[in-house]
Amino acid sequence: MSANRKVVELLKAAGIEIDGGRPWDLQVHDERLYNRVLGEGSVGAGESYMDGWWDAEQLDEFFFRVQRARLDREIRTWSILFQVLLSRFINRQDRRRSKQVAEQHYDLSNRLYEAMLGPTMQYTCAYYGPEGEARALDEAQRAKLALVARKLHLKPGMRVLELGGGFGELARYLAAEHDCEVVSYNISRQQVDYARQICKGLPVDLRLQDYREAARDPGEYDRVVSVGLMEHVGPKNYRGFFELAKARLKAGGLALVHTIGGNESRVTADPWITKYIFPGGVIPSEAQLTRAKEGLFVLEDWHNFGPDYDRTLMAWEANFLEAWPELKESEGLDERFYRMWRYYLNCSAGAFRARGLNLWQLVLSHGDVPRYIPVR
């Protein structure tokens, strides 16, 4: 069977036509696309989009259909198999390799992130509420911060350990709005510099260090919180992450982990995402997380609001598109970056829409909390 016919049949199974008239149909600009996709899998599909070989008017709907049909299972390349095999023998998220994602992704221009994320600078899923309220992005991000605080049942004067601090807004919020002392670990220099500016004058200690350095901290904390770090921890380090959190958490304390979650256990991520967006990133499954925390913590609550990430990503893309003319000039970004970034945001939104990805918040204790009442 020719490469052309194979790709046409795969896409037809997903409800997508080549050069069709619907917004999610694939418009082919270069016939070499077919061999490239079959030979290189997701890397070929992503790079050919970056090279302008194909388009879809509504990328998010295209990816939703592709991922709902699980077309990734139909194309297995040698590079994917090699990466899976390699991950079984080496720790791809050790201290040295973990710095790559900060240098390649998180240390990009802060102006880019300011334009895309909005004033809260929250680069994790917003919370639109249990009924999916029609909130704007900024309001939903503030609702997420408030949700985290409520779940942690904070009291003034509590010491909070944050593993993976982002741009510092959660640390600022916990210190300014809840009178807590926060120690935050982050390996992104750009993010830490930004966080130090917004946390000036507050009891926030921002440390430009790998989260694992918290194991050397002799102190104990009333609360431990991790928002958006677990996706970078890696399967070989999940157990160590929970052991660290347990060692730092006081008796009677609570820990909260906010993470993207997958429906199947994996040791690697999508090859295109790994190459261009999040090197070393792996999405954990329920089984991987529960095995890693087994015997260490009691699971008090597990909350899934994955559909909110679809909305969050589409809001980020709208912000990015609006800001693109200015970003292109001020940051020197080119058309290839523009297509890469749109591909990343839309394929991610499609994955959440197809329910292949989830967004979880886990609340954990030592088992010495008499009764934990879930918060929504």
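The values are calculated or read from the model by the stated rules, or taken from the named source; none is laboratory data. None of the values given here were measured: they were computed from a predicted structure. Cβ coordinates were reconstructed from backbone atoms using ideal geometry, including for glycine residues, and neighbour counts include every protein chain displayed.
Couple of notes before you dig in:
- Matching residues, segment 352-375, being more than 14 Å from A149 (Cα to Cα), assigned to a loop (DSSP other than H, G, I, E, B) and touching a helix residue (DSSP H, G or I) at 6+ places or on another chain (Cβ under 7 Å): A354, G356
- Test: residue in segment 225-238 that is assigned by TED's automatic domain parsing to the domain that holds E162, over 20 Å from T124 (Cα atoms), among the acidic types (D, E) and in contact (Cβ under 8 Å) with a residue 24 or more places away in the chain: no
- The lone exception for L333 - which of (1) over 18 Å from Q58 (Cβ atoms); (2) within 14 Å of the chain's Cα centre (by Cα) it fails: (2)
- Qualifying position, being in contact with a Lys or Arg (Cβ under 7 Å, 6 or more places away or on another chain) and buried (at least 17 other Cβ atoms within 10 Å of the Cβ), among M158, M230: M158
- Residue within segment 188-206 that is in the same structural domain as G252 (by TED's automatic domain parsing), free of Cβ contacts under 8 Å to residues at least 24 places away in the same chain, in a loop (DSSP other than H, G, I, E, B) and not small (G, A, S) present: yes
- Helices (runs of 4 or more DSSP H) contained in segment 104-186 and holding at least 3 residues within 20 Å of the chain's Cα centre (by Cα) and not acidic (D, E): 110-117, 137-152
- Which numbered condition S365 misses (of (1) at pLDDT 95 or above; (2) at negative phi; (3) surrounded by fewer than 16 Cβ atoms within 10 Å (Cβ to Cβ); (4) not acidic (D, E)): (3)
- Qualifying residue in segment 368-376 (condition: in contact with a Pro (Cβ under 6 Å, 6 or more places away or on another chain) and under 30 Å from H153 (Cβ atoms)): yes
- Across segment 26-54, the qualifying residues are those that are among the charged types (D, E, K, R) and over 27 Å from the mean Cα position of the chain (by Cα), and the one among them that is surrounded by the most Cβ atoms within 10 Å (Cβ to Cβ) is R36.
- Checked across segment 219-227, the condition of being within 26 Å of V43 (Cβ to Cβ), crowded, with 16+ Cβ neighbours inside 10 Å and not polar (S, T, N, Q) holds for no residue.
- Taking residues in segment 289-312 that are more than 15 Å from K144 (Cβ to Cβ), and partners anywhere that are modelled with pLDDT of 95 or more and of a type in the set (V, I, T), the pairs with Cβ atoms closer than 6 Å and at least 6 places apart or on different chains are E300/V363; D301/V363.
- Test: residue in segment 322-330 that is modelled with pLDDT of 95 or more, in a helix (DSSP H, G or I), small (G, A, S) and crowded, with 21+ Cβ neighbours inside 10 Å: no
- Test: residue in segment 354-367 that is out of contact with any strand residue (DSSP E or B) (no Cβ under 9 Å at 6 or more places or on another chain), within 22 Å of G132 (Cβ to Cβ) and not aromatic (F, W, Y): yes
- Set V282, V257: member being outside the structural domain of F63 (by TED's automatic domain parsing), under 20 Å from the mean Cα position of the chain (by Cα), modelled with pLDDT of 95 or more and not in a loop (DSSP other than H, G, I, E, B): V257
- Summed over segment 196-226, the residues that are β-branched (V, I, T) and closer than 15 Å to A176 by Cα give a count of 2.
- Any chance K275 is more than 20 Å from the chain's Cα centre (by Cα) and farther than 21 Å from R70 by Cβ: no
- Test: residue in segment 252-267 that is on the phi > 0 side of the Ramachandran plot, surrounded by fewer than 21 Cβ atoms within 10 Å (Cβ to Cβ) and in contact (Cβ under 8 Å) with a residue 24 or more places away in the chain: yes
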